[in-house]
Amino acid sequence: MQKAVSFLRGVNMTGHNMIRMAELSDLYRKIGFKDAETYIQSGNVVFSLNDNSDIQSIASEIEGAIFKRFKYTIPVLIRTAGEIKKIISANPFQKDNDFDPVKLAVIFLYDDPMDDQTEKVRTIDYPPDKFKIIGKEIFIYCPNGFGRTKLYTNFFEKKMKVTGTARNWKTINTILSIAEEIH
């Protein structure tokens with residue numbers, strides 16, 4: 001068994017795509033993920049799956065179950081705990097002299113971006129904000145905070161024609177801790 005985390009795009013407690021986290025963890029349990037545990041109100045679910053599981057099939061199964069129960073079409077992105085550890089250690093900004101983890105977020109992409117997709121943003125520069133694409137993740141560092149940055153999920157989705165969802169650095173690290181605690 002391995003631990004995994006699903007990141008649901010666009011789920012919240014009020015307004016658009018409202019799903020209560022208790023209902024979401026209940027849904028996961030009903031489709032076979034008995035140890036499903038949610039973290040904060042934005043669609044983060046930690047659960048166990050078999051080592052040989054097909055991640056894309058599981059994501060599609062969860063998407064189908066969400067649609068059946070809640071009538072929402074919600075992309076589900078899954079990363080294993082091992083992948084999240086690699087993402088944390090791959091942080092390209094952690095060695096910067098003035099690095100502040102509160103100013104870092106990661107956009108998890110549904111699919112690996114193609115070269116032509118990454119080329120569309122290669123020369124974009126909005127100082128002091130910066131980003132780096134590593135695999136299926138876009139690391140975004142905004143030293144002045146995220147309130148005014150142009151580097152947000154929708155920006156990359158439109159420019160690159162990708163689907164993703166962002167989480168801040170604290171959430172990512174907390175989710176990994178939860179995954180490591182599940183037995």
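Considered as a group, the residues in the stretch 48-65 that are modelled with pLDDT of 95 or more and hydrophobic (A, V, I, L, M, F, W, C) include one that is nearest to residue 134 (Cα to Cα), and that residue is 59. Among the residues of the stretch 19-44, just one is over 16 Å from residue 79 (Cβ atoms), outside any helix (DSSP H, G or I) and in contact (Cβ under 8 Å) with a residue 60 or more places away in the chain, namely 35.
Take residue 69 and decide whether it is assigned by TED's automatic domain parsing to the domain that holds residue 11, under 28 Å from residue 46 (Cα atoms) and buried (at least 17 other Cβ atoms within 10 Å of the Cβ). In short, no. Checking each residue of the stretch 103-112 against the condition of being over 17 Å from the mean Cα position of the chain (by Cα) and assigned to a loop (DSSP other than H, G, I, E, B) gives no match.
Of note, residue 126 satisfies the criterion of being surrounded by fewer than 15 Cβ atoms within 10 Å (Cβ to Cβ) and either in contact (Cβ under 8 Å) with a residue 24 or more places away in the chain or more than 25 Å from residue 180 (Cβ to Cβ) (or both). Checking each residue in the stretch 135-183 for being more than 21 Å from residue 96 (Cα to Cα), among the hydroxyl-bearing types (Ser, Thr, Tyr) and in a strand (DSSP E or B) picks out only 165.
The values are calculated or read from the model by the stated rules, or taken from the named source; none is laboratory data. Owing to the predicted nature of the structure, the values given are computational and were not obtained by experimental measurement. Positions of Cβ are backbone-derived with ideal geometry, glycine not excepted, and every protein chain shown enters the neighbour counts.
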